[in-house]
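**Student:** One structure follows; several queries about it will come next.
The values are calculated or read from the model by the stated rules, or taken from the named source; none is laboratory data. In this text, all values refer to a predicted model and were calculated from it rather than measured experimentally. Reconstructed Cβ throughout: ideal geometry from the backbone, glycine too, with neighbour counts over all protein chains shown. Areas reflect the complete protein model, heavy atoms only, side chains present, ligands, DNA and RNA absent. Shrake-Rupley method; radii C 1.70, N 1.55, O 1.52, S 1.80 Å.
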Amino acid sequence: YFFMAVCALMHIVWRVKLAAYLIKSAAPIGAMITFIGLFSGAIWGIPTWGTWWEWTDARLVSMLFQFFLLLSVIALRSAIEDSEKAAKACALLSIVGCINTVIIKYSVEWWNVLHQPPSPINMSNDSANGPEFWLATGVMIIAVYLFLTVSLILATRNEICLLYTSPS
């Protein structure tokens, strides 16, 4: 969502048209990843907490809100006929929705929730998360970012190709 907000600022301030296409392409990818996180978290929550969903957990509810915000960007882009007005509306919604990422990040510190507080990065062998954990986590973070980057490039390329191949 932070990426969408940066693109939104680029589109609003400097009128970069590519930024509008990046927002349009990033929203479905973000919605898919958010849905996978919510769904897999619900499956994981059953044996861990004894429930698949807890409405009093701020992180769960704020992630669901982010999912709805991403769906709103997709729906708003489709609902407005004029592409410039649609791009501007989606850009504004992306900037406003970026506030939710801060709420998601700090929800476990601000409120008493089911989720554990953040774990400090400690590479020593005597820590709960040893170097093997952080190595695997680092490799997966790089892999996910590469996947998202390639997906975003291909989706944006498709949007630009549609722009130039559609009859005017």
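**Student:** Can you send over the carbon and sulfur percentage of the accessible area for the stretch 22-168, probe radius 1.4 Å, protein chains only? Present the calculation step by step, with values, prior to reporting the outcome.
**Tutor:** Details: 6870 of 9740 Å².
Accessible surface attributable to carbon and sulfur in the stretch 22-168 totals 71 percent.
**Student:** Express the accessible area of the stretch 1-121 per residue in Å², computed with a 1.4 Å probe while the remaining protein chains stay in the model.
**Tutor:** Values: 7270 Å² over 121 residues.
Ligands and nucleic acids excluded, the figure is 60 Å² per residue.
**Student:** With mean projected area of the Cα convex hull in nm² in mind, check (i) 11.9; (ii) 10.6; (iii) 9.9 and report the label derived from this structure.
**Tutor:** Derived directly from the coordinates: (i).
**Student:** What is the helix-to-structure angle for 58-79, meaning the angle in degrees between its Cα long axis and the longest Cα principal axis of the chain, kept from 0 to 90 and rounded to the nearest 10?
**Tutor:** The two axes meet at around 10 degrees.
**Student:** So what's the back-of-envelope 222 nm ellipticity for the chain, counting only DSSP H runs of four-plus at -39500 (n - 2.57) apiece and dividing by all residues, rounded to 500? Don't skip to the end; give the middle numbers.
**Tutor:** Numbers: 6 runs with 130 residues, N = 168.
Computed ellipticity for the chain at 222 nm equals -27000 deg cm²/dmol.
**Student:** Order 96-104, 27-35, 156-164 from most to least packed using the mean count of other Cβ atoms within 10 Å.
**Tutor:** Numbers: 96-104: 15.6, 27-35: 18.2, 156-164: 12.1.
Sorting 96-104, 27-35, 156-164 by mean packing, highest first, produces 27-35, 96-104, 156-164.
**Student:** Can you give the relative contact order of the stretch 1-155 as a percent, counting alpha carbon pairs under 8 Å and 6+ residues apart?
**Tutor:** Working: 149 pairs, mean separation 42.8, N = 155.
RCO, the stretch 1-155: 28 percent.
**Student:** W110 accessible area, nearest 10 Å², 1.4 Å probe?
**Tutor:** 140 Å²
**Student:** Let me ask something else. What is the stretch 92-166 by shape, rounded, prolate or oblate, if you read a ≥ b ≥ c off the alpha carbon gyration tensor as root eigenvalues and call it rounded for a/c under 1.5, prolate for a/b larger than b/c, and oblate otherwise?
**Tutor:** On the way: a/c = 5.22, a/b = 1.61, b/c = 3.24.
It comes out oblate by the Cα gyration axes.
**Student:** Pairs K24/K105; K17/K85; K85/K105: which are spaced more than 22 Å apart, C-alpha to C-alpha?
**Tutor:** Working: K24/K105 24 Å; K17/K85 12 Å; K85/K105 31 Å.
Distance filter (> 22 Å) returns K24/K105; K85/K105.
**Student:** To the nearest 10 degrees, how steeply does helix 2-14 sit against the main Cα axis of the chain, on a 0 to 90 scale?
**Tutor:** Value to nearest ten degrees: 30.
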